[in-house]
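**Q** Below you'll find the structure I mean.
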Amino acid sequence: MHHAFTAPKPEFEAALTADPGAVLADAYDVVCNGNEIGGGSIRIHRRDVQQQVFAVMGLDAEQAQDKFGFLLDAFSFGAPPHGGLAFGWDRVVALLAGVDSIREVIAFPKSGGGVDPLTDAPAPITAQQRKESGIDAKPQP
């Protein structure tokens, strides 16, 4: 699986619960002269498949409904197969400019440490934000 919302290739649906590590995503890349410049995937559009993916991720039915009920409920009305494709504009520009790294052409660069000089991200988060996200960090002793 690529991520929780990318559909498995149809021939791998049966293996989703039995052998999730063997499942291939219905995803694709756009490559030009050996350089990846875009990618996309077909999204899950069936409630039963989405529930199986959530189960593989360790979410029981109640947790899945609690966190993603809006999506699961929407699937009960029927959703057509759908997908998308996105190009990495910075990758295309790097290819056209003949540079080896997108760092040379990226419009909003981050520092080597991952800091965004325009927004000062990453910024500290509050205890409430940590609680809402279900994650926390404990200082090392």
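**Q** Report the relative contact order of the chain, percent, no decimals, based on alpha-carbon pairs under 8 angstrom and at least 6 residues apart. Could the numbers behind the result be given before it?
**A** On the way: 150 pairs, mean separation 25.0, N = 141.
Worked out over the chain, it gives 18 percent.
**Q** Tally Lys/Arg at +1 and Asp/Glu at -1 over every other residue whose Cβ is under 14 Å from the Cβ of GLU11; what's the total?
**A** Working: positive: LYS9; negative: GLU13, ASP19, ASP26.
Once all neighbours under 14 Å are counted, the net charge is -2.
**Q** How large is ³J(HN,Hα) for each residue in region 59-68, as worked out from phi by the Karplus curve 6.51 cos²θ - 1.76 cosθ + 1.60 (θ = phi - 60°), to whole Hz, x for Gly and Pro?
**A** Those phi angles translate into 8, 7, 4, 5, 5, 4, 5, 5, 8, 10 Hz.
**Q** Residues in region 7-38, backbone N under 18 Å from the label point at LEU96 (7 Å along the Cα-to-beta-carbon vector): list them, ranges by number please.
**A** So the set is 30-38.
**Q** Can you tell me how the chain classifies by the Cα gyration tensor, rounded, prolate or oblate, using a/c under 1.5 as the rounded cut?
**A** Oblate, because a/c is 1.5 or more while a/b does not exceed b/c.
**Q** I would also like to ask the following. From the Cα gyration tensor of region 60-141, with a ≥ b ≥ c the square roots of its eigenvalues, which class applies: rounded if a/c is under 1.5, or else prolate if a/b is larger than b/c, or else oblate? Display every interim value, and only then the final one.
**A** Numbers: a/c = 3.51, a/b = 1.25, b/c = 2.80.
Note, shape of region 60-141 comes out oblate.
**Q** Taking the Cβ of SER76 as the center, what net charge do the other residues with Cβ under 11 Å away carry, scoring Lys and Arg +1 and Asp and Glu -1? Present the calculation step by step, with values, prior to reporting the outcome.
**A** Details: positive: ARG46, ARG47; negative: ASP48, ASP73.
Overall, the nearby charge balance is 0.
**Q** Taking the highest mean first, how do the peptides 8-16, 48-56, 29-37 order by number of other beta carbon atoms within 10 angstrom per residue? Please list the in-between numbers first.
**A** Details: 8-16: 14.6, 48-56: 17.3, 29-37: 11.7.
With the highest mean Cβ count within 10 Å placed first, the list reads 48-56, 8-16, 29-37.
**Q** Roughly what would the spin-label model give for LEU24 and LEU85, points 7 Å off Cα along C-beta, in nm?
**A** With each label placed 7 Å out from Cα toward Cβ, I get 1.9 nm.
**Q** Residue-wise, which Karplus ³J(HN,Hα) couplings in Hz belong to region 96-106, taking 6.51 cos²θ - 1.76 cosθ + 1.60, θ = phi - 60°, and x for glycine or proline?
**A** In residue order, the calculated couplings are 5, 7, x, 9, 7, 10, 5, 4, 6, 10, 5 Hz.
**Q** Suppose we keep just the DSSP beta bridges with both residues in region 10-133; what percent of those would be antiparallel, to 5?
**A** Among the beta bridges of region 10-133, antiparallel pairing accounts for roughly 100 percent.
Since every read-out is calculated from the coordinates, none of them should be taken as a lab result. Quantities reported herein were computed from a predicted structural model and do not represent experimental measurements. Neighbour counts are summed over all protein chains in view; Cβ atoms, including those assigned to glycine, are modelled from backbone coordinates with ideal geometry.
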